[in-house]
Amino acid sequence: MTADDNADLHQSSPEPSRLLPILNQPATRRTALKAAGAALGLAAFGKAVSPLWSIPENVSVDEFLQQHYKELSDTDKQKVFARLESETQQKLGVEITISDPPPIPGVRYGYAINLSKCNGNGACMEACNKENNHHRGVQQSYIRVLELPKGTMDMEAGNTTYDHTVPQDDKYYMPVQCQQCDNPPCVTVCPVEATWKEEDGIVVVDYNWCIGCRYCEAACPYHARRFNWEEPEIPSDEINPDQGYLSNRVRPQGTMEKCHFCLHRTREGRLPACLEACPTGARVFGDLNDPESNINWVLQNKRVFVLKEELGTQPSFFYFFDS
Amino acid sequence: MICLAIACDDSASPETETKNASKASANETGEQPAPLLATGESQNPATRFAVSIRKPLGPPKVSTGLQDMHGNLVLAACSTCHTTRPPNHQNKLAKDLDEFHSEMQFSHGTISCLSCHNERDYDALKLADGSRVEYADVMLLCAQCHGPQMTAYQHGAHGGMTGYWDLARGPQIKNNCIDCHDPHAPKFPSMQPTFKPQDRFLDPPRTDH
């Protein structure tokens, strides 16, 4: 209805009181402008929210309507896993199984690295890349090995791009990955609760709930989180079919990811892939709650430190030197 | 190298027994030296899987430099030559040797060949007290000098491993000393890194904006 119609209606009406209230007003330039402005505003708003009325092509209706992971029942989860399995089958032509092993009751994981042993060869990074279905194009990995001059703990003095034979006599090597903090800043800052700490100490990410704001990446003092800038590209024959919902399934573009201590392996009692791959035997993994575990022997018998202790993040990841 | 699989118990335990089983692992990784080479034993075998240690096949063979009719290298056991030669306790380096072994690199402290090789039977080794030890049990020999390393090894803090951290759920396989260390030059070799993640934060800063 235009302002002119409104004015005509008003003038020709013998009984103004029977009209709708908005019409029962003198037509002025002001009301006309108001109406036109409102119409324009409505149209602009409609245009702005129009993407919400349609679901993007790469998101299925089920995925769009999926609840927060912690609110899913077991049957819901099975449906979600089946959906993801069939989507992967369709998209990549690979048969995979997605599971979600729960934390083992009473177990709390700890990981330690012997910096006297680590020689910076990077086999751990490669094992992580393969085990966790990382994007091959940029050789993504949850681990970053720093080469540091001997005599300093200043991580800013380190670099990760060395490509000479290792170890160099004046250098030492420090692999950094998620420290599975007991007081994780990345979890605190997440605006949608897409990342949380589980009972066994592992900080996990629900890739379907993550909105990709990257707050967590900025909050992590260890630079341990990674963002999927692109849809991960992995040759079909290199995809690891043993996948976990909260761990190594192929991530969608635009989501955060991080080291999860290979929870699809470790929650079934197996060792993490990076540990098995380490040719120097520098890595020690185990249950902090078990007084006889390897990790507890290290904590009790070696001089152990954590990275950036002063920040109060309370990592479950430790470093030590021999003797 | 072969993996000496020590009989595993297949009875995967229920989750509730995990903790008890983990405690029982003290026997395998604990202080007693006995389980070093026979780690399949444990106090509670019903809920335990074995930790097995890879073992060398046996006495090494030395190339004679000859080829048989198929073109294969002719290998000889140590005792083939050494039974007829008098032992020389002074030999430490390749240059001390008249024949064979001249291509070998020796860099293992100042010990002599016969510190470890057994002059009474060259197909075996000997401990510092002169007692015989088989090649397959070489770790006993290493451990007599490298005690701290062996202690760390027994607690999983030295040497690589694969398999299960939780022995209630599956077995574990550990390397032995000479899987990683050449006994004649035990320093861990240099390596060339082959895998480098491309870290976008390490790219040179852009100047076009």
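Overview of results
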{"item": "Residues of region B:90-106 with amide N under 15 Å of the 7 Å Cα→Cβ point at residue B:74", "result": "B:100"}
{"item": "Under the Debye formula (equal points on every Cα, no solvent term), log10 I(q)/I(0) of chain A at q = 0.08, 0.16 Å⁻¹", "result": "-0.49, -1.39"}
{"item": "Residue-wise HN-Hα coupling along region A:291-302, computed from phi with Karplus coefficients 6.51, -1.76, 1.60 (Hz; x: Gly, Pro)", "result": "x, 9, 6, 4, 5, 6, 5, 5, 5, 8, 10, 10"}
{"item": "Sites residue B:145 and residue A:44 - FRET efficiency at Förster radius 60 Å, r taken between beta-carbons, to 0.05", "result": "0.15"}
{"item": "Sparse-neighbour loop sites [chymotrypsin sites (Phe, Trp or Tyr not before Pro); region A:246-323; at most 16 other C-beta within 10 Å; DSSP]", "result": "A:321"}
{"item": "At q = 0.11, 0.19 Å⁻¹, base-10 log of I(q)/I(0) for region A:206-323 (Debye sum, equal scatterers on each alpha carbon)", "result": "-0.49, -1.24"}
{"item": "Distance (nanometres) between label positions extended 7 Å along Cα→Cβ at residue A:165 and residue A:136", "result": "3.1"}
{"item": "Amide H contacts under 5 Å for residue A:146, placed H, 5+ residues apart", "result": "A:174, A:176"}
{"item": "All-pairs alpha carbon distance profile, region A:262-320, 5 Å steps from 0, percent", "result": "4, 16, 22, 26, 22, 9, 1"}
{"item": "Nearby lysines by direct alpha-carbon distance to residue B:92 (threshold 23 angstrom, same-chain neighbours under 8 apart not counted)", "result": "B:61, B:126, B:187"}
{"item": "DSSP-defined beta bridges in chain A - what % are antiparallel, rounded to 5", "result": "75"}
{"item": "Angle between chain A longest axis and helix A:74-92 axis [Cα atoms, degrees, rounded to 10]", "result": "90"}
{"item": "Over chain A: helical MRE at 222 nm, DSSP H runs n ≥ 4 each giving -39500 (n - 2.57), nearest 500", "result": "-8500 deg cm²/dmol"}
{"item": "Where Rh is the Kirkwood radius over Cα pairs, Rg/Rh for region B:86-209", "result": "1.18"}
{"item": "Cα convex hull volume per residue for region A:211-266 (Å³)", "result": "91"}
{"item": "Overall Cα dimensions of region A:122-261 - principal axes, largest extent first, Å", "result": "46, 39, 27"}
{"item": "Solvent-accessible area buried by pairing A with B, both sides, nearest 100 square angstrom, 1.4 angstrom probe", "result": "3800"}
{"item": "Entries in A:117/A:302; A:79/A:197; A:171/A:308 that, when Cα-Cα distance is taken, lie over 18 Å", "result": "A:79/A:197; A:171/A:308"}
{"item": "Region B:147-153 - phi-based ³J(HN,Hα) in whole Hz, Karplus 6.51/-1.76/1.60, Gly and Pro as x", "result": "x, x, 5, 5, 4, 4, 4"}
{"item": "Whichever lysines have a C-alpha closer than 30 Å to that of residue A:47, once near sequence neighbours (fewer than 8 apart) are set aside", "result": "A:34"}
{"item": "Cα-only Debye scattering, region B:67-125: base-10 log of I(q)/I(0) at q = 0.26, 0.29 Å⁻¹", "result": "-1.22, -1.36"}
{"item": "Exercise: per-residue mean of other protein chain Cβ atoms within 10 Å, A:277-283", "result": "5"}
{"item": "Simple Cβ-charge dipole of chain A, Lys/Arg +1 and Asp/Glu -1, about Cα centre, in debye nearest 20", "result": "700"}
{"item": "All Cα pairs of region B:110-152, percent lying beyond 16 Å", "result": "33"}
{"item": "Using a Förster distance of 30 Å, the FRET efficiency for residue A:99-residue A:314 (Cβ separation, nearest 0.05)", "result": "0.55"}
{"item": "Fraction of accessible area attributable to carbon and sulfur, region A:131-206 (%, probe 1.4 Å)", "result": "47"}
{"item": "Hz values of 3J(HN,Hα) by residue in region B:93-107 - Karplus curve (6.51, -1.76, 1.60), Gly and Pro given as x", "result": "10, 4, 5, 6, 9, 7, 10, 6, 6, 6, 7, 7, 9, 10, 8"}
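The values are calculated or read from the model by the stated rules, or taken from the named source; none is laboratory data. Just so it is clear, the structure is predicted and the values come from calculations on it, not from any experiment. Using ideal geometry, Cβ is built from the backbone for each residue, glycine included, and neighbour counts are taken over all protein chains shown. Keep in mind that these areas ignore ligands, DNA and RNA; they rest on the heavy atoms of the full protein, side chains included. Shrake-Rupley method; radii C 1.70, N 1.55, O 1.52, S 1.80 Å.
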